[in-house]
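Below is one structure, written out as structure tokens, with a few remarks after it.
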Amino acid sequence: MKAARVYLVIVGLCLLLLVLVEVFKPKEANWDTNFSSKETMPYGTWVLFNRLGDLFPRHSVTRNFENYYDAFYADDRYGKSWIIINESFQPDRVSMEELLYYVEDGNEVFISAFRFSRDLLDTLGISISASYNTQNEPITFYFTDHKNGTNNYIYDFRYYTYFKSDSLEKVCDVLAVFEDGSPAFIAIPRGEGTLYLNTLPLAFTNYHILKYQTTGFVERSLSMLAVNDIIWDEYARYGQFFSASPFRYVLSETGLRNGLYLGLVIMIVYMLIGGKRRQRLIPEIPPLQNSSFYFVDTVSRLYLYKGKHADIAKKRTQYFIDYLRTRFNIKFNDRDDILIKKLALKSGASQERTKDLVEAIQFAQHAEEVSADFLIHLSKEIDFFKDGKR
């Protein structure tokens, strides 16, 4: 067991060292489009999320992980502004309808994505198209109320989408356009609220905010929202694959996640090693029973129950005579005086006690009937003699 513990400690230290090396080693930049508010990778939104407190002072900023049907249906969601930034926005039809009801009740929702669900576009009566920047030329866009050069924003997008102008007539307000006039940012009034649609999600990521210093664009875009408490949506990024497990927060933090994995590995190693090395319980083996003893006891009880005292007396004397022959080498067919003398001499008992025993044995051997009192007396004498209490 001691060697197993030493081995377990060594394995645990090695695993801990591997985890520490993995945690603290320089990480290569991940250029995947993530849009997570917890990610500092180039296309995460950690910078923007942590700036929301400055853009909306004295108002709370919370994350949403619920599906849209439950989130928009909750009473405490009203009077707040939603921000949804993702590569695509593809809610199911029920969630889309709840979103529009939420806007119509006097709330605001800001959505920035390359692609929108067909149900949403058809319901709003608008269409969208995509373009590829094959020449890698800078892409310029500006807000419609600021066309001078100081308010232009330039990016190196290789792919972008835009709303088709002919589908926007009498439907919405165009807030920002590309250099060729294609709409990139629109506001759609719905009931008492407003739905904002933006096709520039990359402009809100860490890389473009820090590289191009586009805080002016971000601030101007989000300034369209009323100054309310902000709900930052994460459900669009996870969708149906989002886990509602209580370990959600632990798994979302790198340090806690690595600690959890390390603990699980150590527990598994302990079960594999410690479980094998531990001594198994030794099963209890009951002692063998003396069947001869139980047989004699049963037969004796049977004789006693039927009142055959003479038969019991004969059996007892017969076994005792055999005991004398094997123990003291005394034959019981000698004359009485010789037998008594030999037995008293070899056993150390008095001649009077020995004489009484011999006479009782002889009587039991020839009697047809004996009383219960005699049987008890005979048994006591034999037991007294055999137990050595002479």
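The values are calculated or read from the model by the stated rules, or taken from the named source; none is laboratory data. Here the structure is a predicted model, which is why all the values come from computation and not from measurement. Don't worry about glycine lacking a Cβ; one is built from the backbone with ideal geometry, like all the others, and counts go over all protein chains shown.
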Candidate set from the range 71-101 (those that are over 16 Å from Leu120 (Cβ atoms) and of a type outside the set (A, V, I, L, M, F, W, C)); member that is surrounded by the most Cβ atoms within 10 Å (Cβ to Cβ)
Ser81
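Each row is one residue, and each column tells you yes or no for (1) in contact with a Phe, Trp or Tyr (Cβ under 9 Å, 6 or more places away or on another chain); (2) farther than 19 Å from Ile312 by Cβ.
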position	(1), (2)
Lys342	yes, yes
Lys346	yes, yes
Gln351	no, yes
Ile376	no, no
Lys386	yes, no
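Quick one: would you say Asp54 is part of a helix (DSSP H, G or I), assigned by TED's automatic domain parsing to the domain that holds Arg220, farther than 17 Å from Arg237 by Cβ and modelled with pLDDT under 85?
Details: part of a helix (DSSP H, G or I): yes; assigned by TED's automatic domain parsing to the domain that holds Arg220: yes; farther than 17 Å from Arg237 by Cβ: yes; modelled with pLDDT under 85: no.
Spelling it out, it is not the case that Asp54 is part of a helix (DSSP H, G or I), assigned by TED's automatic domain parsing to the domain that holds Arg220, farther than 17 Å from Arg237 by Cβ and modelled with pLDDT under 85.
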Of the conditions (1) out of contact with any Cys (no Cβ under 9 Å at 6 or more places or on another chain); (2) under 23 Å from Ser131 (Cα atoms); (3) surrounded by 19 or more Cβ atoms within 10 Å (Cβ to Cβ), Ser182 clears all except one; give me its number.
(3)
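Which residue is farthest from the chain's Cα centre (by Cα), if the candidates are limited to the range 351-390 and must be small (Gly, Ala, Ser) and surrounded by fewer than 18 Cβ atoms within 10 Å (Cβ to Cβ)?
Taking the range 351-390 and keeping what is small (Gly, Ala, Ser), we get 360, 364, 367, 371-372, 379, 388.
Next cut, surrounded by fewer than 18 Cβ atoms within 10 Å (Cβ to Cβ) only: 367, 371-372, 379, 388.
Details: Ala367: 84, Ser371: 79, Ala372: 75, Ser379: 72, Gly388: 71 Å.
Step by step, filter the range 351-390, then rank; the result is Ala367.
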Kindly indicate whether Tyr68 is modelled with pLDDT of 75 or more, of a type in the set (Ser, Thr, Tyr), farther than 15 Å from Ala236 by Cα and buried (at least 19 other Cβ atoms within 10 Å of the Cβ).
no
If a residue has to be over 23 Å from Met96 (Cα atoms) and part of a loop (DSSP other than H, G, I, E, B) to count, how many in the range 150-199 make the cut?
7
Of Glu192, Glu219, which residue is farther than 25 Å from Ser95 by Cα, surrounded by fewer than 18 Cβ atoms within 10 Å (Cβ to Cβ) and modelled with pLDDT of 85 or more?
Glu219
Selection from the range 187-212 of residues that are among the hydroxyl-bearing types (Ser, Thr, Tyr) and touching a strand residue (DSSP E or B) at 6+ places or on another chain (Cβ under 6 Å)
Thr194, Tyr196, Thr199
Give the number of residues within the range 41-50 that are assigned to a helix (DSSP H, G or I) and either buried (at least 18 other Cβ atoms within 10 Å of the Cβ) or at pLDDT below 90 (or both).
3
Quick test for you: out of Ile230, Ile282, Ile209, pick the one residue that is more than 28 Å from the chain's Cα centre (by Cα), farther than 30 Å from Phe114 by Cα and either at pLDDT 65 or above or among the charged types (D, E, K, R) (or both).
Ile282
